[in-house]
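A short worksheet on the structure shown next.
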Amino acid sequence: MKASSPKIRSALPSPQQQQHSSLSPQQQQGSKQHQVLQPSRQQQHLSPWQQHLNKCQSQQSLLQPQQQSRVQGKESSDRNYEFLSLVGAGAYGQVYKARDPNKEGCFVAIKQIRIQRQGRHYEAGMPMAAIREISLLRQLESKEHPNIVKLLDVHHQAISDRDICLSLVFEFIDQDLNSYLERCPPPGLGPDRIRDLMIQMVNGIDFLHSNRIVHRDLKPQNILITSDGVLKLADFGLARIYASDMKLTSVVVTLWYRAPEVLLTGQYATAVDMWSCGCIFAELYLRKPLFKGSSEGDQLKKIFEVIGRPEHTEWPEDGVLLWSSFKPTLPPPIESFVPEIDNLAKDLLEKMLIFNPSRRIMARNALNHAYFREDLESIRTTSSLSENDSFSDSRSDTPVSK
(Lines give C-alpha, C1' and ligand atoms only; values in the text may rest on other atoms or scores of the structure.)
Protein backbone atom coordinates (compact mmCIF):
# COMPACT_ATOMS: atom_id res chain seq x y z
CA MET A 1 0.00 0.00 0.00
CA LYS A 2 1.31 3.45 -0.85
CA ALA A 3 2.03 6.09 1.74
CA SER A 4 -0.62 8.76 1.96
CA SER A 5 0.01 11.89 -0.07
CA PRO A 6 0.72 15.22 1.63
CA LYS A 7 -2.06 17.75 1.81
CA ILE A 8 -2.58 19.55 -1.49
CA ARG A 9 -2.61 23.31 -1.85
CA SER A 10 -2.75 25.62 -4.85
CA ALA A 11 0.84 26.34 -5.82
CA LEU A 12 2.58 26.42 -9.15
CA PRO A 13 6.26 26.95 -9.83
CA SER A 14 7.25 30.30 -11.24
CA PRO A 15 8.13 30.14 -14.95
CA GLN A 16 11.83 29.69 -15.67
CA GLN A 17 13.50 29.86 -18.72
CA GLN A 18 22.90 23.06 -26.99
CA GLN A 19 23.11 20.41 -28.29
CA HIS A 20 26.38 18.70 -28.96
CA SER A 21 28.84 16.71 -30.94
CA SER A 22 32.68 16.52 -30.98
CA LEU A 23 32.84 13.37 -28.88
CA SER A 24 36.00 12.09 -27.31
CA PRO A 25 36.95 8.49 -28.20
CA GLN A 26 35.42 7.29 -24.93
CA GLN A 27 32.16 9.01 -25.81
CA GLN A 28 31.88 7.73 -29.38
CA GLN A 29 30.25 4.47 -28.34
CA GLY A 30 27.87 6.24 -25.99
CA SER A 31 26.58 8.43 -28.78
CA LYS A 32 24.55 5.44 -29.93
CA GLN A 33 22.65 5.60 -26.63
CA HIS A 34 22.20 9.29 -25.91
CA GLN A 35 21.54 11.61 -28.85
CA VAL A 36 24.12 14.41 -28.77
CA LEU A 37 23.37 17.96 -29.77
CA GLN A 38 25.63 20.23 -31.76
CA PRO A 39 25.68 24.03 -31.96
CA SER A 40 24.98 25.79 -35.23
CA ARG A 41 27.71 27.86 -36.82
CA GLN A 42 25.48 29.34 -39.51
CA GLN A 43 24.86 33.09 -39.53
CA GLN A 44 21.30 34.27 -39.00
CA HIS A 45 20.25 36.62 -41.83
CA LEU A 46 16.83 37.55 -40.47
CA SER A 47 16.32 40.25 -37.88
CA PRO A 48 15.27 39.03 -34.42
CA TRP A 49 11.75 40.35 -34.93
CA GLN A 50 11.45 38.61 -38.33
CA GLN A 51 12.58 35.37 -36.73
CA HIS A 52 10.01 35.88 -33.98
CA LEU A 53 7.19 36.42 -36.50
CA ASN A 54 8.23 33.33 -38.45
CA LYS A 55 8.18 31.29 -35.25
CA CYS A 56 4.71 32.60 -34.38
CA GLN A 57 3.42 31.76 -37.84
CA SER A 58 4.84 28.26 -37.67
CA GLN A 59 3.18 27.85 -34.27
CA GLN A 60 -0.24 28.75 -35.61
CA SER A 61 0.20 26.23 -38.41
CA LEU A 62 0.48 23.54 -35.74
CA LEU A 63 -2.96 24.32 -34.39
CA GLN A 64 -6.10 22.56 -35.53
CA PRO A 65 -8.26 24.79 -37.80
CA GLN A 66 -10.82 25.49 -35.07
CA GLN A 67 -8.07 26.29 -32.58
CA GLN A 68 -6.29 28.48 -35.12
CA SER A 69 -9.36 30.61 -35.73
CA ARG A 70 -9.73 31.11 -32.00
CA VAL A 71 -6.11 32.19 -31.55
CA GLN A 72 -5.95 34.68 -34.40
CA GLY A 73 -7.42 38.11 -33.73
CA LYS A 74 -8.51 37.32 -30.20
CA GLU A 75 -7.52 39.19 -27.09
CA SER A 76 -7.48 37.83 -23.56
CA SER A 77 -10.67 39.73 -22.70
CA ASP A 78 -12.49 37.64 -25.32
CA ARG A 79 -11.58 34.47 -23.51
CA ASN A 80 -13.73 35.31 -20.51
CA TYR A 81 -11.42 33.52 -18.09
CA GLU A 82 -12.12 34.54 -14.51
CA PHE A 83 -8.78 35.29 -12.89
CA LEU A 84 -8.79 34.15 -9.27
CA SER A 85 -5.29 34.50 -7.84
CA LEU A 86 -1.61 34.92 -8.60
CA VAL A 87 0.15 31.63 -7.91
CA GLY A 88 3.63 32.22 -9.30
CA ALA A 89 5.91 34.96 -10.60
CA GLY A 90 9.26 34.96 -12.30
CA ALA A 91 11.62 37.02 -14.42
CA TYR A 92 9.63 36.42 -17.60
CA GLY A 93 6.04 36.52 -16.44
CA GLN A 94 3.37 35.51 -13.99
CA VAL A 95 1.12 32.49 -13.51
CA TYR A 96 -2.51 32.89 -12.47
CA LYS A 97 -5.17 30.48 -11.35
CA ALA A 98 -8.35 31.13 -13.36
CA ARG A 99 -11.76 29.64 -13.98
CA ASP A 100 -12.98 28.67 -17.43
CA PRO A 101 -16.66 29.76 -17.55
CA ASN A 102 -17.27 27.52 -20.56
CA LYS A 103 -16.46 24.43 -18.50
CA GLU A 104 -18.22 24.36 -15.16
CA GLY A 105 -15.87 23.76 -12.25
CA CYS A 106 -12.78 23.74 -14.53
CA PHE A 107 -9.73 25.65 -13.36
CA VAL A 108 -6.79 26.57 -15.58
CA ALA A 109 -3.31 28.00 -15.04
CA ILE A 110 -2.54 30.99 -17.26
CA LYS A 111 1.10 31.90 -17.80
CA GLN A 112 1.30 35.49 -19.03
CA ILE A 113 4.56 36.59 -20.62
CA ARG A 114 5.27 40.17 -21.58
CA ILE A 115 7.26 40.35 -24.81
CA GLN A 116 9.05 43.47 -25.97
CA ARG A 117 9.14 43.65 -29.76
CA GLN A 118 12.58 45.18 -29.57
CA GLY A 119 15.17 45.98 -26.95
CA ARG A 120 17.47 44.10 -24.64
CA HIS A 121 14.80 41.70 -23.26
CA TYR A 122 14.03 40.47 -26.73
CA GLU A 123 17.70 40.07 -27.58
CA ALA A 124 18.16 37.99 -24.41
CA GLY A 125 16.04 35.32 -26.07
CA MET A 126 13.08 35.28 -23.69
CA PRO A 127 10.43 35.21 -26.44
CA MET A 128 12.16 32.27 -28.09
CA ALA A 129 11.80 30.30 -24.85
CA ALA A 130 8.06 30.99 -24.88
CA ILE A 131 7.71 30.08 -28.55
CA ARG A 132 9.77 26.92 -28.01
CA GLU A 133 7.52 25.86 -25.12
CA ILE A 134 4.43 26.33 -27.28
CA SER A 135 5.97 24.49 -30.20
CA LEU A 136 7.00 21.41 -28.24
CA LEU A 137 3.76 21.12 -26.29
CA ARG A 138 1.70 21.52 -29.46
CA GLN A 139 3.81 18.83 -31.10
CA LEU A 140 3.11 16.46 -28.19
CA GLU A 141 -0.55 17.46 -27.86
CA SER A 142 -1.94 14.63 -29.96
CA LYS A 143 -0.08 12.05 -27.84
CA GLU A 144 -1.96 13.04 -24.66
CA HIS A 145 0.68 11.52 -22.44
CA PRO A 146 -0.48 11.44 -18.79
CA ASN A 147 2.92 12.54 -17.46
CA ILE A 148 3.22 15.69 -19.59
CA VAL A 149 1.35 18.86 -18.63
CA LYS A 150 -1.40 19.81 -21.12
CA LEU A 151 -1.30 23.10 -23.01
CA LEU A 152 -4.96 23.99 -23.60
CA ASP A 153 -4.81 27.29 -25.43
CA VAL A 154 -2.48 30.04 -26.68
CA HIS A 155 -3.35 33.64 -27.45
CA HIS A 156 -1.71 37.04 -27.54
CA GLN A 157 -2.74 40.63 -26.99
CA ALA A 158 -1.02 43.88 -27.94
CA ILE A 159 -0.72 45.96 -24.78
CA SER A 160 1.26 48.81 -26.38
CA ASP A 161 2.93 49.63 -29.67
CA ARG A 162 6.07 47.89 -28.37
CA ASP A 163 4.76 45.18 -26.07
CA ILE A 164 2.76 41.98 -26.52
CA CYS A 165 1.22 39.86 -23.75
CA LEU A 166 1.46 36.19 -24.62
CA SER A 167 -0.87 33.90 -22.64
CA LEU A 168 -0.34 30.17 -22.33
CA VAL A 169 -3.31 28.34 -20.82
CA PHE A 170 -2.51 25.04 -19.07
CA GLU A 171 -4.48 22.52 -17.10
CA PHE A 172 -4.38 23.60 -13.47
CA ILE A 173 -2.25 21.38 -11.23
CA ASP A 174 -2.51 21.75 -7.47
CA GLN A 175 1.18 21.87 -6.61
CA ASP A 176 4.73 21.15 -7.69
CA LEU A 177 6.97 18.41 -6.34
CA ASN A 178 8.90 20.88 -4.19
CA SER A 179 5.74 21.94 -2.34
CA TYR A 180 4.62 18.31 -2.17
CA LEU A 181 7.81 17.29 -0.37
CA GLU A 182 7.75 20.31 1.94
CA ARG A 183 4.29 19.33 3.16
CA CYS A 184 5.06 15.67 3.56
CA PRO A 185 4.96 14.89 7.30
CA PRO A 186 7.85 12.99 8.92
CA PRO A 187 9.27 10.48 8.32
CA GLY A 188 8.64 11.31 4.65
CA LEU A 189 7.36 9.40 1.65
CA GLY A 190 7.08 5.64 1.86
CA PRO A 191 9.10 3.45 -0.55
CA ASP A 192 6.03 2.49 -2.60
CA ARG A 193 5.06 6.12 -3.14
CA ILE A 194 8.62 6.99 -4.14
CA ARG A 195 8.65 4.17 -6.66
CA ASP A 196 5.28 5.27 -8.06
CA LEU A 197 6.53 8.85 -8.53
CA MET A 198 9.78 7.63 -10.09
CA ILE A 199 8.15 5.35 -12.65
CA GLN A 200 5.90 8.21 -13.72
CA MET A 201 8.84 10.62 -14.00
CA VAL A 202 11.05 8.18 -15.94
CA ASN A 203 8.07 7.32 -18.12
CA GLY A 204 7.60 10.99 -19.00
CA ILE A 205 11.31 11.42 -19.72
CA ASP A 206 11.31 8.31 -21.91
CA PHE A 207 8.36 9.75 -23.85
CA LEU A 208 10.24 13.02 -24.44
CA HIS A 209 13.45 11.30 -25.50
CA SER A 210 11.56 8.93 -27.79
CA ASN A 211 10.12 12.00 -29.49
CA ARG A 212 13.62 13.53 -29.78
CA ILE A 213 13.10 16.11 -27.03
CA VAL A 214 15.50 16.85 -24.18
CA HIS A 215 13.90 18.81 -21.31
CA ARG A 216 17.14 20.39 -19.99
CA ASP A 217 15.64 21.82 -16.78
CA LEU A 218 14.25 19.00 -14.67
CA LYS A 219 13.90 19.96 -11.01
CA PRO A 220 11.16 19.63 -8.36
CA GLN A 221 9.74 23.06 -9.22
CA ASN A 222 9.13 21.91 -12.81
CA ILE A 223 7.39 18.68 -11.85
CA LEU A 224 3.70 18.94 -10.96
CA ILE A 225 1.65 16.59 -8.77
CA THR A 226 -2.13 16.41 -9.16
CA SER A 227 -4.53 15.89 -6.27
CA ASP A 228 -4.82 12.20 -7.15
CA GLY A 229 -1.07 11.67 -7.29
CA VAL A 230 -0.35 11.88 -11.02
CA LEU A 231 3.07 13.34 -11.86
CA LYS A 232 3.45 15.66 -14.85
CA LEU A 233 6.58 17.21 -16.35
CA ALA A 234 6.18 20.93 -16.97
CA ASP A 235 7.97 24.14 -17.99
CA PHE A 236 9.41 23.40 -21.42
CA GLY A 237 10.99 26.84 -21.88
CA LEU A 238 14.48 25.31 -22.10
CA ALA A 239 13.49 22.08 -23.87
CA ARG A 240 14.88 21.35 -27.31
CA ILE A 241 14.31 18.97 -30.21
CA TYR A 242 17.40 17.03 -31.28
CA ALA A 243 18.98 18.65 -34.31
CA SER A 244 22.43 19.20 -35.74
CA ASP A 245 21.93 22.87 -36.58
CA MET A 246 20.71 24.32 -33.29
CA LYS A 247 22.56 26.76 -31.11
CA LEU A 248 23.51 25.78 -27.58
CA THR A 249 22.69 28.06 -24.68
CA SER A 250 25.49 28.73 -22.22
CA VAL A 251 23.56 27.53 -19.16
CA VAL A 252 20.99 24.75 -18.90
CA VAL A 253 19.55 23.03 -15.83
CA THR A 254 19.45 24.60 -12.38
CA LEU A 255 22.86 24.21 -10.68
CA TRP A 256 21.90 21.58 -8.09
CA TYR A 257 20.53 19.28 -10.80
CA ARG A 258 23.19 19.98 -13.44
CA ALA A 259 25.16 17.06 -14.87
CA PRO A 260 28.99 17.02 -14.68
CA GLU A 261 29.39 17.27 -18.46
CA VAL A 262 27.43 20.53 -18.45
CA LEU A 263 29.47 21.89 -15.52
CA LEU A 264 32.76 21.02 -17.23
CA THR A 265 32.20 21.51 -20.95
CA GLY A 266 28.71 22.77 -21.75
CA GLN A 267 28.38 19.69 -23.96
CA TYR A 268 25.34 17.60 -23.32
CA ALA A 269 22.76 15.16 -24.66
CA THR A 270 19.68 13.36 -23.36
CA ALA A 271 21.81 11.99 -20.50
CA VAL A 272 21.52 15.37 -18.72
CA ASP A 273 17.85 14.62 -18.02
CA MET A 274 18.75 11.27 -16.46
CA TRP A 275 21.30 12.93 -14.16
CA SER A 276 18.65 15.41 -13.02
CA CYS A 277 16.26 12.49 -12.55
CA GLY A 278 18.81 10.80 -10.27
CA CYS A 279 19.19 13.95 -8.19
CA ILE A 280 15.41 14.14 -7.76
CA PHE A 281 15.29 10.41 -6.96
CA ALA A 282 17.58 10.96 -3.97
CA GLU A 283 15.61 14.05 -2.95
CA LEU A 284 12.41 12.01 -2.67
CA TYR A 285 14.10 10.13 0.17
CA LEU A 286 15.95 13.06 1.72
CA ARG A 287 13.37 15.82 1.17
CA LYS A 288 16.33 18.11 0.41
CA PRO A 289 18.77 18.39 -2.52
CA LEU A 290 21.56 15.81 -2.68
CA PHE A 291 24.11 18.19 -4.25
CA LYS A 292 23.67 21.72 -2.95
CA GLY A 293 26.66 23.54 -4.45
CA SER A 294 27.21 27.28 -4.45
CA SER A 295 29.15 27.43 -7.74
CA GLU A 296 30.11 25.15 -10.62
CA GLY A 297 33.34 24.13 -8.88
CA ASP A 298 31.65 23.61 -5.53
CA GLN A 299 28.89 21.60 -7.22
CA LEU A 300 31.47 19.23 -8.75
CA LYS A 301 33.20 18.91 -5.39
CA LYS A 302 29.93 17.86 -3.74
CA ILE A 303 29.22 15.42 -6.56
CA PHE A 304 32.63 13.76 -6.18
CA GLU A 305 32.11 13.44 -2.43
CA VAL A 306 29.21 11.11 -3.26
CA ILE A 307 30.28 9.30 -6.45
CA GLY A 308 34.06 9.72 -6.19
CA ARG A 309 36.43 11.54 -8.50
CA PRO A 310 36.40 9.82 -11.91
CA GLU A 311 39.44 8.31 -13.58
CA HIS A 312 41.63 10.71 -15.49
CA THR A 313 40.79 8.89 -18.74
CA GLU A 314 37.12 9.87 -18.32
CA TRP A 315 37.84 13.54 -17.72
CA PRO A 316 36.90 15.68 -20.76
CA GLU A 317 39.93 17.12 -22.52
CA ASP A 318 38.20 20.47 -22.99
CA GLY A 319 36.97 20.70 -19.40
CA VAL A 320 37.01 24.18 -17.90
CA LEU A 321 38.48 22.75 -14.69
CA LEU A 322 41.50 20.48 -14.36
CA TRP A 323 41.15 16.92 -13.09
CA SER A 324 44.07 17.57 -10.70
CA SER A 325 42.19 20.46 -9.06
CA PHE A 326 39.96 17.92 -7.27
CA LYS A 327 41.26 15.67 -4.54
CA PRO A 328 41.00 11.92 -5.09
CA THR A 329 38.11 10.60 -3.04
CA LEU A 330 36.97 7.18 -1.96
CA PRO A 331 33.36 7.90 -1.11
CA PRO A 332 31.37 5.86 1.38
CA PRO A 333 28.45 3.75 0.08
CA ILE A 334 25.67 5.90 -1.34
CA GLU A 335 23.29 4.64 1.34
CA SER A 336 25.29 6.68 3.83
CA PHE A 337 23.97 9.77 1.99
CA VAL A 338 20.52 8.29 1.30
CA PRO A 339 20.07 6.08 4.37
CA GLU A 340 16.57 4.67 3.76
CA ILE A 341 17.18 3.50 0.20
CA ASP A 342 16.80 -0.22 -0.56
CA ASN A 343 19.19 -2.28 -2.68
CA LEU A 344 17.25 -2.13 -5.96
CA ALA A 345 16.64 1.61 -5.65
CA LYS A 346 20.30 2.09 -4.79
CA ASP A 347 21.39 0.25 -7.93
CA LEU A 348 19.16 2.38 -10.15
CA LEU A 349 20.26 5.61 -8.45
CA GLU A 350 23.93 4.75 -8.96
CA LYS A 351 23.28 4.09 -12.67
CA MET A 352 21.63 7.50 -13.00
CA LEU A 353 24.53 9.25 -11.28
CA ILE A 354 27.37 7.89 -13.42
CA PHE A 355 29.91 10.58 -14.30
CA ASN A 356 30.41 9.48 -17.91
CA PRO A 357 27.20 10.36 -19.82
CA SER A 358 27.81 7.59 -22.37
CA ARG A 359 27.53 5.00 -19.57
CA ARG A 360 24.64 6.64 -17.72
CA ILE A 361 21.41 4.64 -17.88
CA MET A 362 18.85 5.66 -20.50
CA ALA A 363 15.20 6.28 -19.62
CA ARG A 364 13.88 3.34 -21.59
CA ASN A 365 16.41 1.02 -19.94
CA ALA A 366 15.58 2.44 -16.52
CA LEU A 367 11.92 1.45 -17.05
CA ASN A 368 13.08 -2.17 -17.37
CA HIS A 369 15.14 -2.03 -14.18
CA ALA A 370 14.29 -4.55 -11.46
CA TYR A 371 13.35 -1.65 -9.16
CA PHE A 372 10.18 -1.15 -11.25
CA ARG A 373 9.51 -4.82 -11.93
CA GLU A 374 6.58 -5.07 -9.52
CA ASP A 375 4.89 -2.21 -11.35
CA LEU A 376 5.38 -3.50 -14.88
CA GLU A 377 2.01 -5.25 -14.99
CA SER A 378 0.29 -1.91 -14.36
CA ILE A 379 1.95 -0.28 -17.35
CA ARG A 380 0.56 -0.21 -20.86
CA THR A 381 2.73 0.37 -23.91
CA THR A 382 1.98 3.29 -26.22
CA SER A 383 3.64 4.39 -29.42
CA SER A 384 5.89 7.40 -29.10
CA LEU A 385 7.00 7.69 -32.71
CA SER A 386 5.36 7.29 -36.05
CA GLU A 387 6.51 4.57 -38.42
CA ASN A 388 8.45 7.13 -40.44
CA ASP A 389 10.54 8.32 -37.48
CA SER A 390 14.09 7.03 -37.44
CA PHE A 391 14.91 7.20 -33.72
CA SER A 392 15.34 3.61 -32.58
CA ASP A 393 13.47 1.92 -29.74
CA SER A 394 10.45 4.22 -29.56
CA ARG A 395 8.87 2.58 -26.58
CA SER A 396 7.00 4.77 -24.10
CA ASP A 397 5.21 3.16 -21.18
CA THR A 398 2.21 4.87 -19.65
CA PRO A 399 1.55 4.11 -15.97
CA VAL A 400 -1.93 3.48 -14.70
CA SER A 401 -2.89 5.80 -11.84
CA LYS A 402 -2.81 4.18 -8.45
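The values are calculated or read from the model by the stated rules, or taken from the named source; none is laboratory data. No experiment lies behind these values; they were computed from the predicted model shown. Positions of Cβ are backbone-derived with ideal geometry, glycine not excepted, and every protein chain shown enters the neighbour counts. The area values use the complete protein model at the heavy-atom level, side chains included, leaving out ligands, DNA and RNA. Shrake-Rupley method; radii C 1.70, N 1.55, O 1.52, S 1.80 Å.
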Listed residues 269, 203, 225: farthest to the positive end of the dipole of the stretch 174-382 (Cβ charges):
269
With a 1.4 Å probe and every protein chain left in place, tell me how much accessible area residue 195 has, in Å² to the nearest 10.
30 Å²
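Using a 1.4 Å probe and counting only protein heavy atoms, arrange 335, 171, 133, 340 so the residue with the most accessible area comes first. Kindly include the intermediate steps, with their values, before the conclusion.
Details: 335 65, 171 40, 133 0, 340 120 Å².
Heavy-atom accessible area, descending, gives 340, 335, 171, 133.
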Full extension from residue 80 to residue 294: what is 0.36 nm times the residue separation minus their Cα-Cα distance, to one decimal in nm?
72.6 nm
Take every Cα pair under 8 Å in the stretch 174-382 that's 6+ residues apart, average their separations, divide by the length, and report that relative contact order as a whole percent.
22 percent
With label points built 7 Å along Cα→Cβ from the Cα atoms of residue 330 and residue 142, find their separation and express it in nm.
5.8 nm
Taking a 1.4 Å probe, which of 100, 347 shows the most accessible area, and what order do the others take after it?
347, 100
